[in-house]
Structures are given as structure tokens and as C-alpha cells.
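A.B. asks: Structure incoming, see below.
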Amino acid sequence: MANRGPSYGLSREVQEKIEQKYDADLENKLVDWIILQCAEDIQHPPPGRAHFQKWLMDGTVLCKLINSLYPPGQEPIPKISESKMAFKQMEQISQFLKAAEIYGVRTTDIFQTVDLWEGKDMAAVQRTLMALGSVAVTKDDGCYRGEPSWFHRKAQQNRRGFSEEQLRQGQNVIGLQMGSNKGASQAGMTGYGMPRQIIPAS
């Protein structure tokens, strides 16, 4: 974990809330999937957020993971470095994040490099990996390895094609939510702003 001074007051409270979102059970599932998906001799880290962060923070495992979701020869990250230099590690994390977005993970589901490298928000890292697994299961292109039940399938777009004739007919239909003007008339209505006529009783 990167060296950072202790946080106090409000920043400490915020950090504690972020840490509470971290899911230890989900960590186990993600580690199992990553090792199975990469199909390489990747060591299983000891349990715990700090170990999970250390396992991923150089970007090597993440790059191997995104590459494994593509057919051989089409990997998005051709060269993976196991450098101990901080900027190289952060660069690899950025490469993974860019590749994950191209693969189909929504921008809102993608963590920031410092979330992982400095361990600021490991729950966000888990969220990105879950989103990546969901996209992989949904694509169903033969590259996903693991139990399909580990991730939720994303809803597929269901485009409908309408002919010009059908679109023209739809313009003549008044939706019921707009109400009906059947039987309505303006008889007996006074002009806008005119005073109400009061007829005295005889």
C-alpha cells in the first residue's frame, strides 16, 4: 500500500464510510474468477482488502484479465510489464481502465487509478470488476471462463423497426394519458379575465 499519512476528522469519517462498502465475500468471488479467467499460474492472495489491493496494484493481473476476454491475437494490451516503478504500475492500471471501457464497461462503473494504487476506494475497484464480469457474461462470445451465475447478465437492447406508414398512423392516435375531449364543448364559458356575472335572486 502506498505511504500516506493518517487521515483525521471529516476525511477520516469519509474514508471509513468508503471502507464499509468493501465486500469481503465479493473479494473471494472476484479472486477466484480472475485466477480461473486468466488461466495462468497466478498466486491466490491472502484474504483481506490490503492484500487484494497489493495483488492488483501493479496492474499486471488486471491487464492479464482484460486480455483473457479476447480471442488469441486480439488482446488490447500487447505488452504487460512487471515493473516496480510507480509510474509504470499506474500506467498499466490506466491501460486496463481504458481497455475495460472499450470492452463495454460504463464510465460510471470505472474506478480511478488512485482508488486502487493508493487503496483509496477498493469498493470502487470491486464494482468495476463486477461490471466487467457482467459484460463478459452478457457477450457470451466464448472467452468468458467461470460460472455464468457469478455475474448478472446486462439487459440487451431491443430495437424495433417501424415503417413510415406505421409511424404516420401513430401520429393520429391520442394517448389515453392525455385525456379525452369526447363530449366536451366551450358552451357557457366566459372570456378569460371577465368578471363572473352574479344574478340577484328575485
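The values are calculated or read from the model by the stated rules, or taken from the named source; none is laboratory data. Here the structure is a predicted model, which means the values were calculated and not measured. For neighbour counting, all protein chains shown are included, and Cβ atoms are generated from backbone atoms with ideal geometry for every residue, glycine included. What goes into the accessible areas is simple: the full protein's heavy atoms, side chains included, and nothing from ligands, DNA or RNA. Shrake-Rupley method; radii C 1.70, N 1.55, O 1.52, S 1.80 Å.
A.B. asks: Tell me, what is the per residue accessible area of region 25-160 in Å², probe radius 1.4 Å?
C.D. replies: 55
A.B. asks: I need the calculated FRET efficiency for the pair Ser83 and His44, taking r as the beta carbon distance and R₀ as 22 Å, to the nearest 0.05. Mind dumping the intermediate values first?
C.D. replies: Details: r = 23 Å, r/R0 = 1.03.
So the FRET efficiency works out to roughly 0.45.
A.B. asks: Multiply the residue separation of Gln112 and Leu36 by 0.36 nm, subtract the distance between their alpha-carbon atoms, and state the gained length in nm to one decimal.
C.D. replies: Between Gln112 and Leu36, full extension yields 24.8 nm more.
A.B. asks: Counting only protein heavy atoms and a 1.4 Å probe, tell me what percentage of region 82-158's accessible area is made up of carbon and sulfur.
C.D. replies: Here carbon and sulfur together make up 49 percent of the probe-accessible area.
A.B. asks: Kindly rank 33-46, 92-105 from highest to lowest mean number of other beta carbons found within 10 Å of each residue.
C.D. replies: Values: 33-46: 14.9, 92-105: 19.1.
Packing order, densest peptide first, comes out as 92-105, 33-46.
A.B. asks: Sticking with this one: Working with all protein chains in place, sort Asp58, Asp141 by solvent-accessible area computed with a 1.4 Å probe, largest first.
C.D. replies: Most to least solvent-accessible, the answer reads Asp141, Asp58.
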